[in-house]
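Since the structure comes first, as structure tokens, the remarks are kept for the end.
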Amino acid sequence: MGKKRVLCFGDSLTWGFDPYKKVRMEDGDRWTGVLQKHLGSDYLVIEEGHNGRTIATDDPAEGEKNGLKYVIPCIESQSPLDLMIILLGANDLKRKFQYTSMDIAGEMQIFLEKVQSHNRFRMEDSMKVLLISPPIIGACGEGSWLSDCFDFERCSKVSLELSNWYKQLSEMYGCMFLDAAKVCAVSSADGVHLDIKNQRYLGEAVYRKLKDEGFC
């Protein structure tokens with residue numbers, strides 16, 4: 001019997017952007033690496049983090065960032081898959097989009113519809129899905145190099161509202177759910193990204209969730 005394959009589909013929080021050094025963290029410091037360590041050798045954690053990735057919005061200023069356009073090719077290329085973990089929504093909070101929490105939830109509904117339709121009709125419903133709502137973006141870090149891009153006062157309010165929407169969507173589409181804001185916090189260094197300690201907190205929380213749900 002082969003390893004269980006776990007796809008982690010996200011943005012810079014999954015890629016492992018270091019808020020202090022502004023480079024990618026080491027493998028074992030990212031939440032995906034923490035999860036791999038806890039799951040052990042019978043599992044393969046596949047990292048699909050992309051800086052700037054949105055849920056379903058084109059970003060002309062930053063290039064190919066639309067997660068909706070890439071997700072099915074990604075699933076197909078990484079199949080077979082036992083689990084997909086989705087952590088998206090932080091970049092949809094950017095000032096230039098001016099989205100409400102309902103707007104972002106609407107994007108995520110379209111995203112999950114696409115994923116779960118593919119799962120049911122092409123994969124015989126064999127892939128479990130864990131949906132994670134992002135931590136509170138802009139709760140700290142005022143004056144950082146990202147504060148203008150994200151309009152911290154507004155996006156902290158909007159991101160605070162996302163967990164309730166995501167929870168409803170997870171129930172609607174048969175997903176497991178985790179609220180990242182309850183287990184980790186963004187760094188005051190930039191107000192958006194997780195430091196090494198909080199990457200670890202998130203990875204450990206994901207592992208506990210999967211254990212509680214009977215996946216491992």
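The table for this structure:
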{"item": "For region 4-212: Kirkwood Rh in Å [reciprocal of mean 1/r, alpha carbons]", "result": "16.9"}
{"item": "Selected from Ser188, Ser12, Ser117 as most flexible by GNM, with the chain as the system and alpha-carbon contacts under 10 Å", "result": "Ser117"}
{"item": "Loop trypsin sites (Lys or Arg not before Pro), region 21-63 (other Cβ atoms within 10 Å of the site Cβ: 13 or fewer; DSSP)", "result": "Lys21, Lys22"}
{"item": "For the chain, built as a Gaussian network whose Cα springs stay under 10 Å, the top-fluctuating residue of Ser147, Ser79, Ser133", "result": "Ser79"}
{"item": "Most mobile listed residue (Ile110, Ile132, Ile86) in the chain, GNM with C-alpha springs under 10 Å", "result": "Ile110"}
{"item": "Folded to 0 to 90 degrees: helix 67-78 orientation relative to the chain principal axis, Cα", "result": "30"}
{"item": "Label-point gap, in nm, between Gln78 and Phe97 - each point 7 angstrom along Cα→Cβ", "result": "1.9"}
{"item": "Potential extension, Asn164-Arg208 segment - 0.36 nm per residue separation minus Cα distance", "result": "13.8 nm"}
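Just so you know, all these numbers are worked out from the coordinates, no wet-lab data involved. None of these values were measured; they are calculated from a predicted model. Virtual Cβ from ideal backbone geometry, glycine too; neighbours counted across all protein chains shown.
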